[in-house]
């Protein structure tokens, strides 16, 4: 009989760690999560990621979750479960603070993408978004990721800048990160992404 | 250690199918199942196709399987409704090489119109069902599914959910198989389901069910995990992951094969515990089966029956099982943040025709696709929508009812010409064509608008019978929508460019006032798919603009109103010029 095979369900010794990445469709949030996840795999972690496809291309919010540890169960991060929120857009940063543990950190781009109700003039974009983020999570790192990426050679590498800023708290060395970027990023965007990552890493 | 690769559940299913020797796969795209066929199609030596709809996909897969090769059909949960006809009889005729059907359910309705629980389809059709909980199981259980299919001479249902399809986790692949094709042999008594034959086949299925239950009791992937305490949780699919995290240390019976339910396994294991719990997503499928054993588990009285599960709501369902009784402390989200609804893209061809249509006195029967987004303000151009293809047929009923109602009351009722059905090209090929026959044959007098953007945009630009390209990117024939419509006996067929709002308005108005059935084909490629149509951006001349806001009614993400001033975001504008067309002061000019 299949039952009673002696499997013991015991709590994991080492807790699962979680990072949430947020943004708007088209900003490359899922690609950044994939980069992070593969770097963690190359370091020997068990990794799970989760995201929702579907209507993101039509301007909706995007959330990607990356969890890692010795044995990860749920692919979803519980509220308060994330040690870091990496966000490519200010409003999406505020929208997703719930995932963050009270001692977690925020790494965000000073980028504003107006949703339709704001474009239509029906509601206001929170003009004090940056101040509110800093108030909620003192010590948040907020940078012009698009500008940094543009200087590195490709504005679309903004998320790679953010992952670079996150990277020093993770155990992978610079060489490991660059190897993963080599493996995942298409040739024509490779140099810009490596540079963007390293620029970010300096700020982390 | 063997190499382990990070992949989605969908990619794992595709790889496993390839490793199981599947050479034929058919599907209609639908979130969250789409990437299964896309991934599978990239392997060497396989045949993969987009079928016009899920019924066609499953029937083609049945045929391939009778032809002696392993075959697969993949669909989203509501796709199995479309394929339900072959689904219920396929187990009567059985298989040759294995046949696996994948149903990707969408709890929480991330991208669906309902959140039906397709496990009941397995039970209703007496088909064995497997439920993977992560990508490794998606791989392993797909491999097993083909063995089960051939062992018991039946199709197998692999039931996935969004969080299994679209989550990534590590997969270790096994040695590929190369099953030999089975030479074709005629067996009409088994494969032609006239009543006399079917009456002989149904008892075989009932007998088989008992054998499959024995198998299910012993199936290697059923996991009994002994923990601490005198409670046990029975679970399946991704819910297992939440149970493991929320109730760390509890005993778990995790079922991978959930039809037939392994009753002996469940009784044998659960009877060792004082309290039995069931945690499953959506309906009380396992709970009902376990309750029927007289075990009276606790389940849906506390576990949400609506939406997805997660660690938080699983913990809250039975706090007595959680080591930490309360949720983690977290930062509170500020109130009043602007929502970010999905929107039609800048330059989307649907915008022009839907804008023109919203300004007609029309009851708009809509359908499934990007254009359904036009239900939201400010366009508000949808009155009803149920499922793929229903726009044309609901429109037919609506028009007849309005006519009947007006006739009885003998008043100036709603004119039949007010009904307009709207659907996309891919949806039209999926299940709109039969509806159009209904309209022509039964003398409907309303107007059908086919939004032909030359792709299946919503699910990520899949080809279809109108694009002239196959899934594997080979050239093929292309359906001429206008000729098809005319061949059904509909004489009034007009083609418009949806970027020309005035033309759309004029043609819609003419066709809606006609005392005959009519079809308007709105033709322009999806702007995301075909960037060659992009033109220079437009700009607002502020001296000429009186901030009337007419252009804002287009709900274009390139138009922005700050305070009273309206401007165009140059980077977002693709130069469709629709805003310039609606401006009455000639204040919007191409730069």
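Read-outs: derived from the displayed coordinates by stated rules, not from any lab. In this text the structure is predicted, and so the values were computed from the model without any measurement. Every residue, glycine among them, receives a Cβ derived from its backbone with ideal geometry; neighbour counts consider all protein chains shown.
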Label-point separation, residue B:215 to residue B:200 (7 Å along Cα→Cβ), nm: 2.3 nm
For the protein assembly as shown, what is the mean residue ellipticity at 222 nm derived from helices alone (per DSSP H run of n ≥ 4: -39500 (n - 2.57); sum divided by total residues; nearest 500 deg cm²/dmol)? -10000 deg cm²/dmol
Mean-square fluctuation check for chain A, GNM, Cα pairs under 10 Å: which of A:85, A:184, A:119 is largest? A:119
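For the pair residue B:333 and residue B:89, what calculated FRET efficiency results from E = 1/(1 + (r/R0)^6), where r is the Cβ-Cβ distance and R0 = 45 Å, to the nearest 0.05?
The pair residue B:89/residue B:333 has a calculated efficiency of 0.35.
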Per-residue mean of C-beta atoms belonging to partner chains within 10 Å, peptide B:160-168: 5
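What average count of beta carbons from other chains do you get within 10 Å of the Cβ of residues in A:16-28?
Values: counts 1, 0, 0, 0, 0, 0, 0, 0, 1, 4, 2, 0, 0.
The per-residue average across the peptide is 1.
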Spin-label model distance (nm) - residue A:187 vs residue B:437, 7 Å beyond Cα toward Cβ: 5.1 nm
Whole angstrom only: what separates the Cα centroid of segment A:125-146 from the Cα centroid of segment B:64-142? 46 Å
Percent relative contact order of chain B, based on C-alpha pairs within less than 8 angstrom and at least six residues apart? 11 percent
Between A:93, A:49, A:150, find the one with the highest GNM mean-square fluctuation for chain A; connect C-alpha pairs within less than 10 Å. A:150
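Rank-order B:86-94, B:16-24 by packing density, defined as the average count of other C-beta atoms within 10 Å over each peptide's residues, highest first.
On the way: B:86-94: 20.7, B:16-24: 24.0.
Top of the packing list down: B:16-24, B:86-94.
How much FRET efficiency would the formula 1/(1 + (r/R0)^6) give for residue B:207 and residue B:267, where r is the Cβ-Cβ distance and R0 is 22 Å, rounded to 0.05? Each step should come with its number before you reach the end.
Numbers: r = 22 Å, r/R0 = 1.01.
The value I calculate is 0.50.
So if we plug the beta-carbon distance of residue A:135 and residue B:186 into 1/(1 + (r/R0)^6) with R0 = 56 Å, what FRET efficiency do we get, rounded to 0.05? Provide the component values of the computation, followed by the final result.
Working: r = 77 Å, r/R0 = 1.37.
Once rounded, the FRET efficiency stands at 0.15.
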Rel. contact order, % - alpha carbon contacts under 8 angstrom, at least six apart, segment B:455-591: 19 percent
Packing-based ranking, highest mean first, of B:453-462, B:112-121 given that Cβ atoms within 10 Å are counted: B:453-462, B:112-121
Roughly what would the spin-label model give for residue B:482 and residue B:302, points 7 Å off Cα along C-beta, in nm? 6.5 nm
Quantify how strongly other chains surround peptide B:344-357 by giving the mean number of their Cβ atoms within 10 Å of each of its Cβ atoms. 1
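Do you know the relative contact order of segment B:534-590, to the nearest whole percent, from alpha carbon pairs under 8 angstrom that are 6+ apart?
Dividing the mean separation by the residue count of segment B:534-590 yields 50 percent.
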Mind checking the full-extension length gain between residue B:193 and residue B:386? Use 0.36 nm per residue of separation minus the Cα-Cα distance, one decimal, nm. 66.3 nm
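Residue B:546 to residue B:589: extension gain in nm, 0.36 nm per residue of separation minus the Cα-Cα distance?
Details: separation 43, 0.36 × 43 = 15.48 nm, distance 1.48 nm.
Once the chain is fully extended between residue B:546 and residue B:589, it gains 14.0 nm.
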